[in-house]
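Read the structure below first, then the notes.
Every number here is computed from the coordinates shown, using simple stated rules; none is lab data. Here the structure is a predicted model, which is why all the values come from computation and not from measurement. Here the Cβ is made from the backbone with ideal geometry for all residues, glycine too, and neighbour counts use every protein chain on show.
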Amino acid sequence: MRVAFKTFGCRLNRAETAQYEDEFAAAGCEIVPLGAEPDIVVFHTCVVTAAAENECLRLIRSQRKKKANSLFVVSGCAVHAIPEERLLSLGVDLVIARANKDMLTPTILRKVGLAQGDVSAPAPTRKMSRALLKVQDGCDFFCSYCIVPHTRGLPHSKPMEECLKNASAFIAAGFSEIVVTGCNIACYAHGSDRLPQLLAALAALPGLGRLRVSSIEPGTVETEVAQLMAANDKLCRFLHLPAQSGDNDILARMGRRYTADQLAQTISDIVKLVPGLGLGTDIIAGFPGETREAFGNTRAWLAALPFNNLHIFPYSERPGTPAAAFDNQVPLAERKERARQLIDLGSDLRNKFADACVGHRSELLVERFDKNGLAHGWSGEYLPCVVSGVPRDRRRSLVNFRTDCSAGGTLHGTAC
Ligand code: SF4
């Protein structure tokens with residue numbers, strides 16, 4: 001049986017797909033690309049923006065025309081944001097709801113009449129350069145613009161022993177980098193264990209190359225995580241703090257849990273703890289009520305802080321969220337124009353950060369080699385790198401290098 005996955009959206013969706021693929025492989029199925037005439041296609045969906053939702057629906061519709069005989073399955077956030085009748089009307093055969101997501105593989109195998117065996121804990125395969133370790137799901141912060149708590153449900157965390165066991169399996173499979181992933185990992189809580197305890201335990205695993213932490217909600221455990229980063233060189237020196245805005249009125253309308261000044265103070269404390277830190281953030285441009293002055297505040301706030309990795313999104317109304325009904329919606333063209341300005345700012349900030357790395361040592365996770373034999377990958381600070389002098393057999397390994405120069409935010413260096 002040939003199974004293809006099409007995964008949309010976030011890293012958490014990719015982590016879930018990787019697990020499903022390993023389960024199908026353990027059941028004797030072949031994982032194939034979407035274009036390779038699969039018997040089963042699983043669309044693991046995202047509806048975080050209207051554009052993401054439309055892209056999911058467009059692809060299902062167009063693929064149905066090309067693959068009349070494949071079993072079409074939809075899982076992920078679209079299942080809880082789009083009426084089931086609408087999905088079925090597109091030619092979907094099976095809809096897997098959130099409550100059944102852990103049983104996705106056996107449910108599909110049963111549907112196609114295949115004996116299941118035990119596929120619950122397959123050995124991980126090395127399809128990707130880095131392993132995505134899912135430690136929790138769900139969120140109860142209910143930011144006014146966000147559909148995620150409605151689609152993924154309330155937070156629930158995996159026991160620490162299970163996270164450590166899964167991480168050890170990734171190490172045994174040869175992964176050099178593990179990325180700790182979840183819907184809102186700052187909510188990680190199992191018994192008395194919180195995210196900092198989990199990270200400390202993961203960082204102590206024998207054979208671990210390096211540990212990367214995905215996005216952490218500001219106003220939670222970011223300072224404790226930075227302290228851990230300062231004390232333990234297994235943790236990549238990169239922190240992603242999704243600010244969403246740098247204007248206090250907008251932050252309040254968004255239902256965020258901090259002011260711009262509080263977060264600025266936290267960031268200034270953190271960069272003293274972890275010099276040379278890669279620092280990322282998400283910003284929503286053109287949120288309802290964002291005046292030109294409020295937008296200017298966000299732009300100035302970003303420019304004044306040591307951010308070097310900006311993810312900018314024009315605001316997208318999600319039906320059912322409070323913000324979709326707010327007054328003073330910003331016209332779409334204006335949202336896009338503000339986003340463009342912030343993207344330009346983000347390029348400048350990243351270039352400056354990369355320039356500051358010249359002459360310093362860093363560590364590359366080798367993802368591929370180009371035709372000239374140069375190794376490509378990412379540094380611990382989450383900058384793209386191109387490095388010479390790396391033996392071909394070091395693919396997917398960690399390699400130290402010295403940065404000779406930077407260009408367009410990419411580090412160019414020599415292995416050392
Ligand atoms: S913290 Fe806010 S933005 Fe992030 S998933 Fe939860 S509700 Fe959405």
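Each residue of the stretch 294-302 was assigned a 3J(HN,Hα) from its phi angle through the Karplus expression (A = 6.51, B = -1.76, C = 1.60, θ = phi - 60°), giving 4, 4, x, 4, 5, 4, 5, 4, 4 Hz with x at Gly and Pro. The H on the amide N of LEU235, modeled in the peptide plane, is under 5 Å from the matching H of LEU211, each at least 5 residues off or on a different chain. Phi angles of the stretch 47-64 translate, via the Karplus equation with coefficients 6.51, -1.76, 1.60 and θ = phi - 60°, into HN-Hα couplings of 10, 5, 10, 4, 5, 5, 4, 4, 5, 4, 5, 4, 5, 4, 4, 6, 5, 4 Hz per residue; Gly and Pro are given as x.
Taking every alpha-carbon pair under 8 Å whose residues sit at least 6 apart, the chain reaches a relative contact order of 10 percent.
Rounded to two decimal places and with Rh computed the Kirkwood way over Cα pairs, what is Rg over Rh for the chain?
Details: Rg = 21.9 Å, Rh = 22.7 Å.
When Rh is taken as the Kirkwood radius, the ratio is 0.96.
If each Cα of the stretch 321-387 is one equal point scatterer, what is log10 of I(q)/I(0) from the Debye formula at q = 0.12, 0.13, 0.21 Å⁻¹? Summing over Cα pairs of the stretch 321-387 leads to -0.56, -0.61, -0.91. Each residue of the stretch 356-370 is assigned a 3J(HN,Hα), and the resulting list reads 5, 7, 4, x, 9, 8, 8, 10, 10, 8, 6, 9, 7, 10, 8 Hz, derived from the Karplus form 6.51 cos²θ - 1.76 cosθ + 1.60 (θ = phi - 60°), x at Gly and Pro.
Could you please report the charge total around LEU211, scoring K, R as +1 and D, E as -1 over all other residues with beta-carbon less than 13 angstrom from its beta-carbon? Every neighbour counted, the sum reads +2. Among residues other than PHE369 with Cβ under 10 Å from its Cβ, the summed charge is +3 (Lys and Arg +1, Asp and Glu -1).
Looking at the chain alone, DSSP beta bridges between its own residues are antiparallel in about 40 percent of cases.
Global dimensions of the stretch 131-356 from alpha-carbon coordinates: Rg and Dmax equal 18.2, 54 Å. As a calculated quantity, the FRET efficiency between ALA173 and CYS416 at R0 = 35 Å, using C-beta atoms, amounts to about 0.80.
With the cut-off at under 14 Å, measuring from each backbone N in the stretch 69-96 to a point 7 Å along the Cα-to-Cβ line of LEU34 picks out 72-75. Dividing the summed helix terms, -39500 (n - 2.57) for each DSSP H run of n ≥ 4, by the number of residues in the chain produces a 222 nm estimate of -10500 deg cm²/dmol to the nearest 500. Restricting the calculation to Cα atoms, the stretch 361-415 shows an Rg/Rh of 0.91 when the hydrodynamic-style radius is the Kirkwood one. Taking amide H atoms as placed 1.01 Å from N in the peptide plane, the amide H of ALA189 lies under 5 Å from those of SER157, each 5 or more residues away in sequence or on another chain. Distances longer than 19 Å among the Cα atoms of the stretch 272-414: what percent of all pairs is that? Here the tail beyond 19 Å accounts for 59 percent of pairs. Sorted from longest to shortest, the spans of the Cα atoms of the stretch 208-264 along the three principal axes equal 43, 16, 14 Å.
Of the beta bridges in the stretch 132-233, as assigned by DSSP with both residues counted there, near 35 percent are antiparallel.
Length gained on full extension, ALA50 to ARG368, computed as 0.36 nm times the residue gap minus the Cα-Cα distance: 111.1 nm. Seen from CYS77, the other residues with C-beta closer than 10 Å to its C-beta sum to a net charge of +1, counting Lys and Arg as +1 and Asp and Glu as -1.
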